[in-house]
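What follows is a set of notes on a single structure, which appears directly below.
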Amino acid sequence: MKPEENKSQNIETIARYLNGEMDKTELAEFEKQLNSSPEEKIRTEEMKKDWMLLGNYQGNKTPDTRKAWNNLHARLEDEKLIPQQNESAKKRIGFYLLRVAAVAIILIITGTIIYFGTDRKSKTELVNLNTGSEKNTTVKTLRDGSIIYLAQNSLFSFPENFQKNSRNVGLKGEAFFDIMPDPGKPFIIETDEAFIQVLGTAFNVKTENGSSFELIVDRGKVKVTLKKDPDHFKFVVAGEKITSVRNSLVKSKRTATDAISWFKKRMQFKDESLQNIINVLNRNFNTTFVTADKEVGNRRLTVTFNNESPEEMTGLICLTLNLKSETKNGFTVLLENKAGSSGN
């Protein structure tokens, strides 16, 4: 089968899958193929998500889907994504893709209605970062520059883009927060038991299935409010910790046993930019990494560091991204390795 015919068949197959027109055998085979191709799986899941959103839409606007299909089909033919076909074939594929076109148009027309719900309340779709049982610290840098260190068996929920006047996230489990200051946008963490409000500080939060709550402030100041009793809140500053005891907040001095250096052990980055990674390394270890230019800093990397020396970190980064390093004025500069072999 020619590549063009393959593309045409794939388009029709995906449309039939989204419309629920496959039997059990065909569905199982299709999903098996998806699992063997991450790129196709991601693309199909995104289309499926839009399809489901369309089903929840209760608006009254009806787009001209047939016109949309005609425009879409013409563009696909121009870009040689589907072969030239007779009228019968066009109608057959058009029957399925007509509905896909409807999804795209309704998403454009309704905009925030679909994402924020039919009640038109200002809600932001959240991204969930879930860690497993491995003893890794998953490190995530948010769009505002705040850094979150997530412990094992924890769930961190956050929006890709914060709202205009606040930065709201959720936590189940344990995390160390290093928050970028922004007086006009308080950072608010919701746990099962409390709300934690900060402007710019570093602190550790630990929750256990809604049964207990503990917060230790490393620097700065935070406000902790019980969810069951909003009038009950306490301010906590550096050197202090706060715990929940029988629906009450109890504040005490931080002791030597309240060490919160755990997050620096076995730090794991998942598809993070190199610039974000070296910002974290420079902040927590005796490293002076810089990138030669923005293009190098934008390269993405999945990597785990476990007690490596600065030299070992440098070698691992360079080997993975085909970079090289140079020492200039006390800084380790990471730059493109045009020669094609990594090294210092």
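Annotations for the structure displayed:
- Around A151: net Lys/Arg minus Asp/Glu count, Cβ-Cβ under 14 Å: +3
- q = 0.12, 0.19, 0.20 Å⁻¹: log10 I(q)/I(0) that the Debye formula gives for region 196-305, counting C-alpha atoms only: -0.58, -0.99, -1.03
- Neighbour counts of other Cβ atoms within 10 Å put L323, L155 in the fewest-to-most order L155, L323.
- Using a Förster distance of 56 Å, the FRET efficiency for A238-A339 (Cβ separation, nearest 0.05): 0.70
- Checking the Cα-Cα distances for K206/K241; K265/K328; K172/K241; K140/K328; K135/K227 against a 22 Å cut-off, the pairs over it are K265/K328; K140/K328; K135/K227.
- Residues Y17, Y149 arranged by fewest to most Cβ contacts within 10 Å: Y17, Y149
- Length released on extending from V250 to T320, taking residue separation times 0.36 nm less the Cα-Cα span: 20.4 nm
- Among residues other than K228 with Cβ under 14 Å from its Cβ, the summed charge is -3 (Lys and Arg +1, Asp and Glu -1).
- In plain terms, the residue of T243, T207 with the fewest other Cβ atoms within 10 Å comes first and the most crowded comes last, giving T243, T207.
- Once the Kirkwood radius over Cα pairs is known for region 260-344, the Stokes-Einstein relation at 10 °C and 1.306 mPa s delivers a diffusion coefficient of 123 µm²/s.
- Using the Cβ-Cβ distance between D231 and V127 with R0 set to 45 Å, the FRET efficiency works out to roughly 0.90.
- Cβ-placed point charges (K, R +1; D, E -1), dipole of region 159-249 about Cα centre in debye, nearest 20: 220 debye
- Dividing the convex hull volume of the alpha carbon atoms of region 126-253 by its residue count gives 99 Å³ per residue.
All of the numbers you see were taken from the coordinates with simple rules; none came from a lab. Worth saying up front: this structure is predicted, and the values here are computed from it rather than measured. Because the Cβ atoms are built from the backbone with ideal geometry, glycine has one as well, and the counts that use them run over all protein chains shown.
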